[in-house]
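To start, the structure under review is shown below, and the notes come after it.
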Amino acid sequence: MDKQTFTDLLQTKFKMVRIEAGYTQDTMAQTIGLSKKTLVQIEKERVLPNWTTCVSLCALFRDSEVLQTTLGGDPLEVVQVISRGACAYPQNDNLDELWWETRREEAGFTLQFNKISNLYRILDRSNQPLYGSNKEREAEMFFSKKTAEQLVNV
């Protein structure tokens, strides 16, 4: 897939991604960095989004089922390979330990705090991120919910 095919494909998915996220056109436009008018034109397939707008969509809505299904996996991985032509994946060099502080571990989930960005994330047993927030309370609530669900299912 090349950049042109990628942008053509994503043009048809903007509205679906927005609806999936529960965003209004105003909120979506602001989130991606577009005017509402431009977003409406993209959604009506009158204007083709540029590469940067498509990359923003993939980065900001990486967890979108619409994007993952459309692209066959992680949207950012697809963006990297298209953009660079090839992409080598770094081995885990334990940089996470420098940036992330583990706050709690329970029922296979880990709550971590980023020492630089002050963000929180929840990881599953495979160390895959499940949730991220800039609010400690929201991260704690999500962590508690996931651990409670896991304990009920055991």
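The values are calculated or read from the model by the stated rules, or taken from the named source; none is laboratory data. Everything numeric in this text was worked out from a predicted model, so none of it was measured. All Cβ positions, even for glycine, are placed from backbone atoms using ideal geometry, and neighbour counts span all protein chains on display. All accessible areas refer to the heavy atoms of the entire protein, side chains included, with ligands and DNA or RNA removed. Shrake-Rupley method; radii C 1.70, N 1.55, O 1.52, S 1.80 Å.
Give the residue that is farthest from Gln80 (Cα to Cα), with candidates limited to residues of the range 36-53 that are in a loop (DSSP other than H, G, I, E, B) and open to solvent by less than 60 Å² (accessible area, probe 1.4 Å). Steps first, answer last, please.
Within the range 36-53, the subset in a loop (DSSP other than H, G, I, E, B) is 44-50.
The next check asks that each one be open to solvent by less than 60 Å² (accessible area, probe 1.4 Å); those that pass are 47, 49.
Working: Val47: 24, Pro49: 18 Å.
Among them, the one singled out is Val47.
Has the range 80-89 got any residue that is outside any loop (DSSP other than H, G, I, E, B), under 16 Å from Val17 (Cβ atoms) and out of contact with any strand residue (DSSP E or B) (no Cβ under 9 Å at 6 or more places or on another chain)?
If we filter the range 80-89 for residues that are outside any loop (DSSP other than H, G, I, E, B), which is where we start, we get 80-84.
Subset that is under 16 Å from Val17 (Cβ atoms): none.
So far as the range 80-89 goes, no, none of its residues is outside any loop (DSSP other than H, G, I, E, B), under 16 Å from Val17 (Cβ atoms) and out of contact with any strand residue (DSSP E or B) (no Cβ under 9 Å at 6 or more places or on another chain).
List the pairs whose first member sits in the range 41-65 and is on the phi > 0 side of the Ramachandran plot, whose second member is among the aromatic types (Phe, Trp, Tyr) and open to solvent by less than 50 Å² (accessible area, probe 1.4 Å), and whose Cβ atoms are under 6 Å apart, counting only residues at least 6 apart or on separate chains?
Filtered contacts from the range 41-65: no entries.
Please determine whether any residue of the range 99-112 is outside any loop (DSSP other than H, G, I, E, B), modelled with pLDDT under 90 and of a type outside the set (Val, Ile, Thr). Walk me through it before giving the result.
To start, the set of residues in the range 99-112 that are outside any loop (DSSP other than H, G, I, E, B) comprises 99-106, 109-112.
Of the ones still in play, those that are also modelled with pLDDT under 90 are 99-100.
Those still in the list that are of a type outside the set (Val, Ile, Thr) too: 99-100.
So far as the range 99-112 goes, yes, one or more of its residues are outside any loop (DSSP other than H, G, I, E, B), modelled with pLDDT under 90 and of a type outside the set (Val, Ile, Thr).
Out of Thr5, Thr27, report the one residue that is open to solvent by less than 90 Å² (accessible area, probe 1.4 Å), hydroxyl-bearing (Ser, Thr, Tyr), part of a helix (DSSP H, G or I) and modelled with pLDDT under 95. First the steps, then the outcome.
Numbers: Thr27 fails: modelled with pLDDT under 95.
Every option except Thr5 fails the conditions.
Show the residue pairs that are 6+ apart or on different chains and have beta-carbon atoms under 8 Å apart, the first residue being within the range 97-116 and farther than 15 Å from Gly132 by Cα, the second being open to solvent by less than 30 Å² (accessible area, probe 1.4 Å) and in a strand (DSSP E or B).
Glu105/Leu111
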